[in-house]
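*Asks:* The following block contains the structure, expressed as structure tokens.
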Amino acid sequence: EQGLVTLVREGAILNSGAASLYNLTLREKKEQTEKGRIGRYCADLIKEGNAVFIDCGSTAKAIAEAITTKKKIVVLTNSLPVMNILGNNKNSRLISVPGVYVEANQGFWGELASEFLRRFKLDIVFIGAWAIDVESGIMTPDVSAAQTESVLLKQGRKTVVVIDHTKLGTSALIQIGEFDDIDLIVTDRKADEKIIAEIRS
């Protein structure tokens, strides 16, 4: 159910590779402290009156948890967990993005989501990338997510990729965008300094 293994006769095979997409519930349990810090840092980037997008994923969910006290902001999201966190929050206005629901990352994707998002110009777009590779840029194993996130790279005045250190220097099936498409990467202190230096250059 978590997407970690494929059952075979008399056992199981560990899923790995560019197209592996693990369940969000499992990802939420990894690097919780680091993701919380990333979420709080990103919350500090948001000012009163801002319109922001929060992507799907466990790190993006940490941003939603950190902004519940922010006032007079508009939040667009395709993430069901983010909608649940901010749905009753009187401090912000929530706009849900339509699309085809993908259970693995608990979000709405596809052409319907992409077309909807093209209507907006946002102050900050927070994208929770699956992988960052120095050669290939920002990547994901999910083709439908890649289409929607590629649109998002053009909709923000500032585009911020949120990613914990375990995903730096890794790759996935399809590219979302290149480093020129983003303004900031927010990660944690465990990030490999060599990879950070390569990304900066």
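The values are calculated or read from the model by the stated rules, or taken from the named source; none is laboratory data. None of the values given here were measured: they were computed from a predicted structure. Reconstructed Cβ throughout: ideal geometry from the backbone, glycine too, with neighbour counts over all protein chains shown. With ligands, DNA and RNA removed, areas are computed over all heavy atoms of the protein, side chains included. Shrake-Rupley method; radii C 1.70, N 1.55, O 1.52, S 1.80 Å.
*Asks:* Got a number for residues in the stretch 71-90 being within 15 Å of Lys47 (Cβ to Cβ) and open to solvent by 50 Å² or more (accessible area, probe 1.4 Å)?
*Replies:* 2
*Asks:* What's the total number of residues in the stretch 40-61 that are open to solvent by 10 Å² or more (accessible area, probe 1.4 Å), modelled with pLDDT of 95 or more and assigned to a helix (DSSP H, G or I)?
*Replies:* The qualifying residues number 4.
*Asks:* Looking at the stretch 49-72, can you tell me whether even one residue there is among the hydroxyl-bearing types (Ser, Thr, Tyr) and within 19 Å of Lys154 (Cα to Cα)? If you could, list the steps in order and put the result at the bottom.
*Replies:* Within the stretch 49-72, the first condition is being among the hydroxyl-bearing types (Ser, Thr, Tyr), and the residues that meet it are 58-59, 68-69.
Subset that is within 19 Å of Lys154 (Cα to Cα): none.
The answer is no, given that none of the residues of the stretch 49-72 is among the hydroxyl-bearing types (Ser, Thr, Tyr) and within 19 Å of Lys154 (Cα to Cα).
*Asks:* Give me the residue from the stretch 126-149 that is part of a helix (DSSP H, G or I), touching a residue at least 60 places away in the same chain (Cβ under 8 Å) and not β-branched (Val, Ile, Thr) and, out of that set, nearest to Gly99 (Cα to Cα). I'd like the intermediate steps shown before the answer.
*Replies:* If we filter the stretch 126-149 for residues that are part of a helix (DSSP H, G or I), which is where we start, we get 143-149.
If we keep only those that are touching a residue at least 60 places away in the same chain (Cβ under 8 Å) too, we end up with 145, 148-149.
From what is left, the residues that are not β-branched (Val, Ile, Thr) are 145, 149.
Working: Ala145: 11, Glu149: 13 Å.
Here the answer is Ala145.
*Asks:* Output the residue which, of all residues in the stretch 98-115 that are open to solvent by 30 Å² or more (accessible area, probe 1.4 Å) and in a loop (DSSP other than H, G, I, E, B), is modelled with the lowest pLDDT.
*Replies:* The residue in question is Glu103.
*Asks:* How many of the residues in the stretch 159-184 are open to solvent by 40 Å² or more (accessible area, probe 1.4 Å) and under 11 Å from Gly137 (Cβ atoms)?
*Replies:* Of the residues in that region, 7 qualify.
*Asks:* Filter the stretch 79-97 down to the residues that are in a loop (DSSP other than H, G, I, E, B) and without any contact (Cβ under 8 Å) to a residue 12 or more places away in the chain and list them by number.
*Replies:* Restricting attention to the stretch 79-97, the residues satisfying the condition of being in a loop (DSSP other than H, G, I, E, B) are 87-91, 97.
If the condition is that a residue be in a loop (DSSP other than H, G, I, E, B) and without any contact (Cβ under 8 Å) to a residue 12 or more places away in the chain, then Gly87, Asn88, Lys90 are the ones that fit.
*Asks:* I need the full set of residues from the stretch 116-125 which are in a loop (DSSP other than H, G, I, E, B) and in contact (Cβ under 8 Å) with a residue 12 or more places away in the chain, in order please. Give the derivation first.
*Replies:* Looking only at the stretch 116-125, we keep the residues that are in a loop (DSSP other than H, G, I, E, B), and these are 118-121.
Once the filter is applied, which keeps residues that are in a loop (DSSP other than H, G, I, E, B) and in contact (Cβ under 8 Å) with a residue 12 or more places away in the chain, the stretch 116-125 yields Arg118, Phe120, Lys121.
*Asks:* Among the residues that make up the stretch 118-126, is at least one of them at pLDDT 95 or above, open to solvent by 40 Å² or more (accessible area, probe 1.4 Å) and of a type outside the set (D, E, K, R)? Break it down into steps so the answer makes sense when it comes.
*Replies:* In the first step, residues of the stretch 118-126 are kept if they are at pLDDT 95 or above; the result is 118-126.
Right, trim to open to solvent by 40 Å² or more (accessible area, probe 1.4 Å) and you get 118-121, 123.
Next, only the ones that are of a type outside the set (D, E, K, R) stay: 120.
Checked against the condition, which is being at pLDDT 95 or above, open to solvent by 40 Å² or more (accessible area, probe 1.4 Å) and of a type outside the set (D, E, K, R), the stretch 118-126 yields at least one hit.
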